[in-house]
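Since the structure comes first, as structure tokens, the remarks are kept for the end.
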Amino acid sequence: MHRLATELFPIHRSLTGDGVRKTLEILRRELPALRIHEVPSGTKCFDWDVPPEWNIHSASLIAPDGQTVVDIKDHTLHVVGYSEPVDREVEWDELQEHLFSIPDQPTAIPYITSYYRRFWGFCLSHDKRRTLRPGRYRVKIDSTLEAGALTYADLVLPGRTTKEVLLSTYVCHPSMANNELSGPVLAVALAQWLAAQPQRELSYRIVFVPETIGAIAYLSRNLDAMKRHTYAGFQLTCVGDERAYSYLPSRQGDSVSDRAALHVLRRLAPDFVRYSFLDRGSDERQYCSPGVDLPVASVMRSKYAKYPEYHTSLDDLAFVTPRGLAGAYAVHTAIIRLLESNRRYRVTTPCEPQLGKRGLYPSITAKGLDGDVQALNDLLAYADGTCDLIGLCDKIGVFGPDLVPILKKLLDANLLEPIDSDS
Amino acid sequence: MHRLATELFPIHRSLTGDGVRKTLEILRRELPALRIHEVPSGTKCFDWDVPPEWNIHSASLIAPDGQTVVDIKDHTLHVVGYSEPVDREVEWDELQEHLFSIPDQPTAIPYITSYYRRFWGFCLSHDKRRTLRPGRYRVKIDSTLEAGALTYADLVLPGRTTKEVLLSTYVCHPSMANNELSGPVLAVALAQWLAAQPQRELSYRIVFVPETIGAIAYLSRNLDAMKRHTYAGFQLTCVGDERAYSYLPSRQGDSVSDRAALHVLRRLAPDFVRYSFLDRGSDERQYCSPGVDLPVASVMRSKYAKYPEYHTSLDDLAFVTPRGLAGAYAVHTAIIRLLESNRRYRVTTPCEPQLGKRGLYPSITAKGLDGDVQALNDLLAYADGTCDLIGLCDKIGVFGPDLVPILKKLLDANLLEPIDSDS
Amino acid sequence: MHRLATELFPIHRSLTGDGVRKTLEILRRELPALRIHEVPSGTKCFDWDVPPEWNIHSASLIAPDGQTVVDIKDHTLHVVGYSEPVDREVEWDELQEHLFSIPDQPTAIPYITSYYRRFWGFCLSHDKRRTLRPGRYRVKIDSTLEAGALTYADLVLPGRTTKEVLLSTYVCHPSMANNELSGPVLAVALAQWLAAQPQRELSYRIVFVPETIGAIAYLSRNLDAMKRHTYAGFQLTCVGDERAYSYLPSRQGDSVSDRAALHVLRRLAPDFVRYSFLDRGSDERQYCSPGVDLPVASVMRSKYAKYPEYHTSLDDLAFVTPRGLAGAYAVHTAIIRLLESNRRYRVTTPCEPQLGKRGLYPSITAKGLDGDVQALNDLLAYADGTCDLIGLCDKIGVFGPDLVPILKKLLDANLLEPIDSDS
């Protein structure tokens, strides 16, 4: 995952344009079934119109002495996203309104965009800004902002049932690692792992879109199918650093996505930080919006807008690590394993079954039982069909992925049966 | 409000009689639309009969030496309410059973009544009582206790819908200020404020009755209409002193009255004292009784039976202050403002709307949003039609009266619509 | 109760056999209406088969020097339950696999069984075991393990309605007092008390079975009737010592059995230990199993498997005391008294009734009311038919058995009426 992130890091992504296309092509190399789509500029998507396509070729700021003091060749963050083309000299005072830096983080280049108001600007470290001397500066931004398309990609892995898990991530930020590249590379790793499973109960929809307008465009084309089939969903973002885990619930807060995520986090990362949906900030804003109402939660490492490196050049591939990504991978695969078996089960006979004759119980009884026998007994004692596997695990205090093999033993012995419809 | 209370203070009110009539006449001077009603003695009202009308002309206790030691000319509390007429000498021992004082509050005259058993008696300060010397005393109580009527008044202010807010208070206590005059004068002030509004969403029923039997008589005549229309209700009592706020819930405890009152108190008076309906004591006993089931809560300052001055001559116009009354007025008007907009709202489009093109969103995004934009976003994110405005405010952590102008902006922009029926 | 336990103590009970029969005969002497039933070995009961009948005539272990070192004449616990017949010499090493003792409790004889795997063995104190010297030992177990029957007994006391309370206990343990004799003797005492009541609202089903297979056999014959009629139920076990009370909920946890038990324990034994259904271990495992779903809870003194004397010879008639049994009797009779009146009640008139004219209210009002008048008022104020008597008691904070006479006063005055169907 970290290697793929390294390959994607230097590409100049934005809401639209060739940076997104190039990124999605590289992802298709990893996931050959990935489908890439284009939505023409101006297309109406619910309350929005797809904006013009932006491409940036070069951008530099030249000091009165002729020296180039800022250049996107050095860092993609140096230009304000969606800057309009400019080629002229500006006075020192006017220039100040087009320069962005962070006094408190003097080595960091901030990340700034102006998608829906025509504007231009440069971002630079505050240390660098302090070296600039007053005078007339030359601004050269060679960009295009014209009719084109918005580009996104998706992939559906069918399972035994049409119940679908949505995994969504975004591909519209230039060179930043936790927010955003950790998301797409985790999505790729999960898709590869799912594709390799001999059997899937659930189907999986994996979506790579520019944030906000991309998710809105995607929903405007797929809303009915997604409302009909989506069983659970996760927004994949900020999953690459090594700090505490974070959990952002869906709007409902008690969907199966939330319950599975909480069940797994409580065991694997009990010191996780629990946010409210009021702290939302990524595409769950669209997926959970009233009228869309999908059960989309997020399990993150350091949450966007809550770590100092966020939206600056400090959010880089040293901050995101293989170990950080591996932790997020472990949590998400555990959640998926739990969801795959998450049906409602009922015992097939009144009273306890006789486990002894099936070799499932010790024949000489003294004090106490070992853990697995206890879990098996508890599962049988509570399996009345009223709650799903997550609910059963929470009731009997057993970690879901550990219970799955015991569950299978009881299903094989016909002592339990699923009672919910499975599509 | 304090001036009106001062005017009403000396009038000798009881359950029935000319004191109530005179009080209601003064209130009608302030609220010309007030309707005054009479219910004849003996009228059956559910399980009760309207008692005989009581009028008191004079009452005095004369010592063996001929000196008048107690006289209602000095204080209306000196005679036990509903004392029967007496004119005779009594022995010292018999007299003791007809004298009431409070040893722990030696300067206070207690308030005592005997509405439903024929009796007579005097109330006096314990200091005064200690000066009495044994001997035969002359008792002169010139009262009438005969067929007449029970008097009450009401006022309905119609709004756009027939959904009604009940504001009820009582007018049966002689010279006491917090319990009771603070209630009627607040009711008058709220009625005047409501009458002056250019538009009301809700209708208002404002009721002035003698406590208990008056409320029962009122309900026996208006129960069907009140059950059909009452949306919220508040018993106005003990709203005039400057101590902590008190909240007494309706019997259900989670009615819209309760939710609005709690929402407002948590912001405006966060140190309020929260009582249980088990602590009830005023006409919510009737309004919330099974079979009546109206959602009536009380927001008070010092609650009846919980402050030392209660039901004594110490509950006077020094204890009740203009500032105390103004606080209760502020809380009740905030509650009413919230109720006026308390409908269920739903967004009109899936996904977030594009606020930028409507000038509702900053065009250059960096870190964070200001408070109003955040509140506006949160309102849109949660407005799925499942809960009312109070519920939305509680979810997004915004004070309702502050959210109302933002709500109106979104309604004007057709981004939100109310979805409940409005009558 | 303690005397009856003393009589039953020496009998050699097991799952089946003459010890159970003799025990039930003695119980029938106390409860003439008791019905005794036999279920033939091999009978299919849900997933189980009734095991062969076991009878033990003698069992002894003879040392190489000819001395009898273990003999069930000394204690019924000395032989492993369901030991097959043996009469041979065994080597020292083989013998070790058939001897059971507890190193940490060197004076205690453990209780061991092997119901469903053919086996033989002896139990002895660790102190005794340490005196044995290596060598060939003679094993003489004169038992029979052959087709016969499983024996149980029950008793139904009909009430005004067919709603039934299940009281179940077990009779399959040899000489142990808390687990088990405290259960049957409490069941006998409760049955005698219930039989002596002039009138019962509810019916009572009192069941004496061998644990597990006995309860399963009983359910396999009575399931439909019990599912149709059972209103509440209690497993009676471990009710004889003087330590803290214990509460084990039904699987649902909020059944009327649970609510009545908790209501009573909170008042009579507020320091009780609250267990989870995960800690279950007696016949509630069958009664509460999915598909059976009866509301069976347990109120115990020291819970099985939680006190050191459990399943050893230390669980004797010194550990169980008359005072311990009397405490359990008091709690269970209070629970039954509460259940007998536990209907939903509604007031018969809107607004408060006039209590004064019925002599239910003091005629001169000052500050405050006494406790019973307050309870009566609160009962009337909350009796809206939405919750049962336990719910009302919990709301108004009154101990149920104390409220029953007040409730009867209001029913007699036609101020309250029950509104639920009563069968």
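Some values worked out for this structure:
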read-out: A:Leu236 more than 12 Å from every other protein chain (Cβ to nearest Cβ) and free of Cβ contacts under 8 Å to residues at least 24 places away in the same chain; value: no
read-out: Exclusive hit being touching a residue at least 40 places away in the same chain (Cβ under 8 Å) and of a type outside the set (Gly, Ala, Ser), set C:Pro103, C:Pro52; value: C:Pro52
read-out: Lone unmet requirement of (1) surrounded by fewer than 21 Cβ atoms within 10 Å (Cβ to Cβ); (2) within 13 Å of chain B (Cβ to nearest Cβ) for C:Leu411; value: (2)
read-out: Looking only at the range B:338-363, and only at residues there that are within 44 Å of the chain's Cα centre (by Cα) and of a type in the set (Lys, Arg), the one that is farthest from the other protein chains (Cβ to nearest Cβ); value: B:Arg343
read-out: Members of the range A:299-343 found to be of a type in the set (Gly, Ala, Ser) and closer than 27 Å to A:Cys123 by Cβ, listed by number; value: A:Ser302, A:Ala305, A:Ser313, A:Ala318, A:Gly324
read-out: Of all residues in the range B:261-284 being within 28 Å of C:Ala375 (Cα to Cα) and among the basic types (Lys, Arg), the one that is nearest to the other protein chains (Cβ to nearest Cβ); value: B:Arg280
read-out: Any chance C:Tyr247 is facing another protein chain (nearest Cβ under 10 Å), in contact with a Phe, Trp or Tyr (Cβ under 8 Å, 6 or more places away or on another chain) and among the aromatic types (Phe, Trp, Tyr); value: no
read-out: Helices (runs of 4 or more DSSP H) wholly inside the range C:209-328 that include at least 3 residues being open to solvent by 10 Å² or more (accessible area, probe 1.4 Å) and more than 30 Å from A:Pro418 (Cβ to Cβ); value: C:213-229, C:256-268
read-out: Subset of the range B:18-45 (residues that are open to solvent by less than 30 Å² (accessible area, probe 1.4 Å) and outside any strand (DSSP E or B)); value: B:Gly19, B:Val20, B:Thr23, B:Leu24, B:Ile26, B:Leu27, B:Leu31, B:Leu34
read-out: Residue satisfying all of: in the range C:46-65; in a loop (DSSP other than H, G, I, E, B) and open to solvent by 50 Å² or more (accessible area, probe 1.4 Å); farthest from the other protein chains (Cβ to nearest Cβ) among these; value: C:Asp65
read-out: A:Trp193, sole failed condition from (1) surrounded by 22 or more Cβ atoms within 10 Å (Cβ to Cβ); (2) assigned to a helix (DSSP H, G or I); value: (1)
read-out: Filtered residue count, the range A:290-327, keeping only those that are of a type in the set (S, T, N, Q) and within 17 Å of the chain's Cα centre (by Cα); value: 3
read-out: Pick from the range C:71-93, criterion part of a helix (DSSP H, G or I) and open to solvent by less than 30 Å² (accessible area, probe 1.4 Å), ranking: farthest from C:Ser114 (Cα to Cα); value: C:Thr76
read-out: Unique match (being at negative phi and touching a residue at least 60 places away in the same chain (Cβ under 8 Å)) among C:Leu380, C:Leu392, C:Leu339; value: C:Leu339
read-out: Unmet criterion (only one of (1) without any contact (Cβ under 8 Å) to a residue 40 or more places away in the chain; (2) closer than 21 Å to C:Ser182 by Cβ) for C:Asp254; value: (2)
read-out: Candidate set from the range A:395-407 (those that are in a helix (DSSP H, G or I) and free of Cβ contacts under 8 Å to residues at least 24 places away in the same chain); member that is surrounded by the most Cβ atoms within 10 Å (Cβ to Cβ); value: A:Ile396
read-out: Qualifying residue in the range A:199-213 (condition: at pLDDT below 95 and out of contact with any strand residue (DSSP E or B) (no Cβ under 8 Å at 6 or more places or on another chain)); value: yes
read-out: Members of the range C:285-308 that are charged (D, E, K, R) and more than 11 Å from chain A (Cβ to nearest Cβ); value: C:Arg301, C:Lys303
read-out: Meets criteria (of a type in the set (A, V, I, L, M) and without any contact (Cβ under 8 Å) to a residue 60 or more places away in the chain) for B:Leu248; value: yes
read-out: Flag for A:Ser257 being at pLDDT 95 or above and within 14 Å of chain B (Cβ to nearest Cβ); value: no
read-out: B:Lys357 vs. criteria closer than 30 Å to A:Ile109 by Cβ, outside any loop (DSSP other than H, G, I, E, B) and basic (Lys, Arg); value: yes
read-out: Tabulated pairs, the range C:272-284, first within 16 Å of C:Thr212 (Cα to Cα), second part of a strand (DSSP E or B) and open to solvent by less than 10 Å² (accessible area, probe 1.4 Å), C-beta under 6 angstrom, 6+ apart or interchain; value: C:Ser282/C:Gln235; C:Asp283/C:Ser168; C:Asp283/C:Gln235; C:Glu284/C:Gln235; C:Glu284/C:Val296
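Condition check ((1) of a type in the set (A, V, I, L, M); (2) more than 30 Å from C:Thr349 (Cα to Cα)) across all residues:
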site: B:Glu30; (1), (2): no, yes
site: B:Trp48; (1), (2): no, no
site: B:Trp54; (1), (2): no, no
site: B:Ala59; (1), (2): yes, yes
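The values are calculated or read from the model by the stated rules, or taken from the named source; none is laboratory data. This one's a predicted model, so the numbers in the text were calculated from it and none came from an experiment. In this analysis, Cβ positions are derived from the backbone assuming ideal geometry, glycine residues included, and neighbour counts consider all displayed protein chains. All accessible areas refer to the heavy atoms of the entire protein, side chains included, with ligands and DNA or RNA removed. Shrake-Rupley method; radii C 1.70, N 1.55, O 1.52, S 1.80 Å.
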